[in-house]
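Nothing in this text is a laboratory measurement; each read-out follows from the coordinates by a stated rule. Remember, predicted model here, so these are calculated numbers, not experimental data. Every residue, glycine among them, receives a Cβ derived from its backbone with ideal geometry; neighbour counts consider all protein chains shown.
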Amino acid sequence: MQLSGSRITRVCAQDITLPYAEFDELLGVPRMLLLDNVEDPHNVGAILPSAEVFGFSSVCLPKKGVPEVYPSVVKVSAGATEFMKICRSDSANGYARKAAESGYRIVALDRAGKTSLEEVAAVRPDKLLLVIGGEDRSVGQFILNMADDVVGITQRGRVNSLNASVAAGIAMFSLGQAE
């Protein structure tokens, strides 16, 4: 049987499983990212390069509401997963609660947020957990209620909607500059 016009018949396949970190391994880093209700694997993968570039190299993925790091996520991440610690062992609420107990400032990104990114950046928190919500369901109410800051991105256009990965990139750039 001929599958292509090529005479080369070598095949290479490898099953690569991403080793998840434990949440305790992430504690102590200055900036962490939590994805809450980001259901689209493409958005998860697109957020990761910005996270790595802007210093959010530890990422918490809840067991529910966010896809695992599938090969499609790795591909869209453009190799960022190779340089990141990613944990997937708890709920979004559990991660936020544990981070708060460990001294992290919890900053939730939400369209209705009243605090600006610039205000949070000016505080220069020693430890920061940035929570990004999905486009449909946003950040869960528990986290919005417990967050130290609920930030919004000022929008001047009429669409009044940003893709989750674009909003995440803007927030991480703004907050990642505060050293």
(Q) Lysine pairs in the chain with Cα distance under 22 Å, only those 8 or more apart or on different chains: how many are there? (A) 11
Q) Which FRET efficiency value, to the nearest 0.05, is calculated for residue 91 and residue 119 with the Förster distance at 22 angstrom and r the Cβ-Cβ distance? A) 0.20
Q.
Placing +1 on the Cβ of each Lys and Arg and -1 on the Cβ of each Asp and Glu in the chain, which of 56, 100, 153 has its Cα farthest towards the positive end of the resulting dipole?
A. 153
Q) Where in the chain are the DSSP H helices whose alpha-carbon span along the long axis reaches 15 Å or more and whose Kyte-Doolittle mean is at least 1.6? A) 164-176
Q.
Placing unit charges on C-beta atoms (Lys and Arg positive, Asp and Glu negative, everything else neutral), compute the dipole magnitude of the chain about its Cα centre in debye, rounded to 20.
A. 400 debye
Q: For the stretch 22-29, take each phi angle, set θ = phi - 60°, evaluate the Karplus expression 6.51 cos²θ - 1.76 cosθ + 1.60, and give the result in whole Hz per residue in order, putting x for glycine and proline.
A: 7, 4, 4, 5, 7, 4, x, 5
(Q) On the principal axes of its Cα set, how long, how wide and how thick is the chain? Give whole Å, largest value first. (A) 64, 42, 30
Q. Using modelled amide H (1.01 Å from N, peptide plane; none on Pro or chain starts), what sits under 5 Å from the amide H of residue 90, excluding residues fewer than 5 places away?
A. 63
